[in-house]
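What follows is calculated from the coordinates using simple rules that are stated; it is not laboratory data. Quantities reported herein were computed from a predicted structural model and do not represent experimental measurements. Neighbour counts are summed over all protein chains in view; Cβ atoms, including those assigned to glycine, are modelled from backbone coordinates with ideal geometry.
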Amino acid sequence: MARSVYEEFLYEEAAMLDEWRLDEWLALFTEESVYEVPRAGAKDSADSSEDLFYIADNYFRLGHRVKRMLDKAAHAEWPRSVQSHMISNVRITGSDEKGVHVTCRFITHRAKNDVTDTYAGHHNYILKMVNGELRIISKRSFIASDSLREQGKVTIIL
Amino acid sequence: MPDTLASQDKTQGTSLIVDDREGGLFRVNRQAFLDDEILEQERDKIFNRCWLFLGHASELPNPNDFVTRNVGGKELIFNRDRKGEYHAFLNTCPHRGAMVERQEFGNALGFKCFYHGWAFNNNGNYATRHQPGVYPEDFNGDGCANLVPVKLQQYRDFFFVNYDNGANSLESYLADSRMILDLIDEHGPNGMEVVGGAQKYSIRSNWKLLMENSYDGYHALDTHETYFKYLTDAIGGPAEMPKVTNVMNLGNGHASIEGDAPWGRPVAKWIPAWGEKAKTEIEEIKREVVSRVGEERAGRICQLGRNTGIFPNLVINDIMAITIRTFYPVEPGLMDVTAWALGVKGESRDFRKRRLDNFLEFLGPGGFATPDDVEALESAYRGYAAYKLAPWNDISRGMSRADGEPFKADDEEQMRCFWREWDRRMGAE
Ligand code: FES
Ligand SMILES: [Fe+2]
């Protein structure tokens, strides 16, 4: 498929996150999927069985992450933050039996309590057509920094 | 014996604490979190005089290994020399101050300053060959061109530094908190190791609030409601709060809370979510622990968890995973946190994954719990802006228990241990 198909998909995903349509967002993932945010500065090869990450969700925990974010008792996101997800430099980097590997750069802004935090980095996706729809098999978000000293936390989906 | 008891009576303490044992009231003035001047005094009387956690032996497995890190506001090199001896040096060149090592970790026979090229062996000795005639014959006769060593001692695999050359030994400083480090070290037959790097983040609040929070048994249900909802689903049954809880005053401002809890522990408490195969493996792990340390101690290691605060700023959570955490004030209202995961040396990949999952789902910047703690600490800090009109924090919970009745983890005695030591040190001349 053309790159624009994947690009379009990622723009839609970003809109779901900006608009806090998290149930819709979760539906983009298959039940075998993972969502991971390795430690800032980690290499693309980082492995959540060996390295300390910030987030290493299977589908079960990801479902609860979404539930949590929509729950008033998730104090870090209540009142909820305002976010803006920017996607660019979308490239297809390969494909294998798991799916098509797509990478892009991101800048995500999160504003709460009069503080705006910026997260920049790149996402590595594995995407696959399932029953005629593009779905996420794996999303890994790499933060381009050596730490989270600036932002303090990742309570949102990057 | 804790080395503070003798001097406890002599000092007046600060006027920022009210410790009314008869009235059952303990209060801390919010100014203690706000003042630049108090932070200056904390640097001087606490961070420059207490033993501070530097690193774990597993971070330097081989001769010539090094890590660099900031401890108590000072850049340090923690390394091993050619013979395997451990050292800690100030990471500042004796020439004009540049950092002689700027990588986070590595293996090096020596350090070479990038500014003018001064070189040092990894035992800290000046090793530059300069042309004759530029420096006096006996240059460095007094060691002025060597890296400056920092007082370094270890207890088990935990290394600490102290910037006060007159400080008492680490052993006497740690007092009864050594028992906690012993228990940690006994999780595996070959000791423990730091796993896959550190989480480094920040909190826009005062550092002492994180110490309180780290062993606050009173906030869990309110602050972490969403985590317990998740846990209920993950363990396949209601997540009950600990039934047995203890508070241990470990001396010198150190304290710990201990109790059972609903989550699984890689060493060694099974939950259904881990499956039958893991159950067999856990039983095996438990048998090994029992055979090594005995039934009673194994019960403590496998069934009970502990949140421990070692004064002033070392937190060891031995709960669903084992974390080491330190934090330092940058400003009164800003701290830098560093957290490491400890795992059993040689544990299987599956158990390592379970351990890291346990860590991540509760703790750290992306966990289901820590960010809510951070929100609490940051919102408290915003509240303190009104300290003149609302001056006091209350830390009295459980204080008026009858004499001899043990404190529970949701009493606030562990925090009072911290504050009494803080007050003693801050009041001392
Ligand atoms: S500052 Fe290090 S050589 Fe000059
Ligand atoms: Fe908490």
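Of the residues making up the range B:224-255, those that are more than 14 Å from chain A (Cβ to nearest Cβ) and either more than 30 Å from B:S396 (Cβ to Cβ) or within 16 Å of ligand 2 (Cβ to nearest atom) (or both) are B:G237, B:P238, B:M241, B:P242, B:T245. Cβ-Cβ contacts under 6 Å between residues 6 or more apart (or on different chains), taken from a first residue in the range B:210-223 that is more than 7 Å from ligand 2 (Cβ to nearest atom) to a second residue that is in a loop (DSSP other than H, G, I, E, B) and not charged (D, E, K, R), are listed as B:G217/B:A409. Across the range A:117-158, the qualifying residues are those that are hydroxyl-bearing (S, T, Y) and away from every other protein chain (no Cβ under 13 Å), and the one among them that is farthest from A:D51 (Cα to Cα) is A:T118.
Checked against (1) crowded, with 20+ Cβ neighbours inside 10 Å; (2) over 30 Å from B:A380 (Cβ atoms), B:H95 meets all criteria but (1).
Residues that are in contact with a helix residue (DSSP H, G or I) (Cβ under 7 Å, 6 or more places away or on another chain) and under 30 Å from B:D222 (Cα atoms): does the range A:90-99 have at least one? Scanning the range A:90-99, I find no residue that is in contact with a helix residue (DSSP H, G or I) (Cβ under 7 Å, 6 or more places away or on another chain) and under 30 Å from B:D222 (Cα atoms), so the answer is no. Among the residues of the range B:129-143, none qualifies, meaning not one is away from every other protein chain (no Cβ under 14 Å), touching a strand residue (DSSP E or B) at 6+ places or on another chain (Cβ under 7 Å), away from ligand 2 (no atom under 16 Å from the Cβ) and among the hydrophobic types (A, V, I, L, M, F, W, C). Would you check if there is a residue in the range A:29-37 being within 11 Å of chain B (Cβ to nearest Cβ), under 29 Å from B:K353 (Cα atoms) and not hydrophobic (A, V, I, L, M, F, W, C)? Yes, the conditions are met somewhere in the range A:29-37. Selection over the range B:364-401 of residues that are more than 10 Å from chain A (Cβ to nearest Cβ) and under 25 Å from B:A57 (Cβ atoms) gives a count of 0.
For the range B:157-210, residues that are more than 14 Å from chain A (Cβ to nearest Cβ) and within 30 Å of A:A46 (Cα to Cα) total 14. The strands (runs of 3 or more DSSP E) located wholly in the range B:298-417 that include 1 or more residues which are among the β-branched types (V, I, T) occupy B:305-310, B:314-318, B:322-331, B:334-344.
Filter the range B:376-392 down to the residues that are among the hydrophobic types (A, V, I, L, M, F, W, C), away from ligand 2 (no atom under 16 Å from the Cβ) and surrounded by 12 or more Cβ atoms within 10 Å (Cβ to Cβ) and list them by number. Of everything in the range B:376-392, those that are among the hydrophobic types (A, V, I, L, M, F, W, C), away from ligand 2 (no atom under 16 Å from the Cβ) and surrounded by 12 or more Cβ atoms within 10 Å (Cβ to Cβ) turn out to be B:A385, B:W392.
Considering B:N123, B:N64, the condition of being more than 30 Å from B:A175 (Cα to Cα), in contact with an Asp or Glu (Cβ under 6 Å, 6 or more places away or on another chain) and either free of Cβ contacts under 8 Å to residues at least 60 places away in the same chain or not β-branched (V, I, T) (or both) is satisfied by B:N123 alone. All conditions in (1) free of Cβ contacts under 8 Å to residues at least 40 places away in the same chain; (2) touching a Cys at 6+ places or on another chain (Cβ under 8 Å); (3) within 26 Å of B:A339 (Cα to Cα) hold for B:F311, with the sole exception of (1). Give the range B:348-363 a look and list any residue that's more than 7 Å from every other protein chain (Cβ to nearest Cβ) and within 30 Å of A:D114 (Cβ to Cβ), or say none. Matches in the range B:348-363: B:F362, B:L363.
Of the residues making up the range B:104-119, at least one is over 20 Å from the mean Cα position of the chain (by Cα), within 14 Å of ligand 1 (Cβ to nearest atom) and in contact (Cβ under 8 Å) with a residue 24 or more places away in the chain. The sole residue among A:R80, A:R91 that is more than 10 Å from chain B (Cβ to nearest Cβ), over 17 Å from the mean Cα position of the chain (by Cα) and of a type in the set (K, R) is A:R80.
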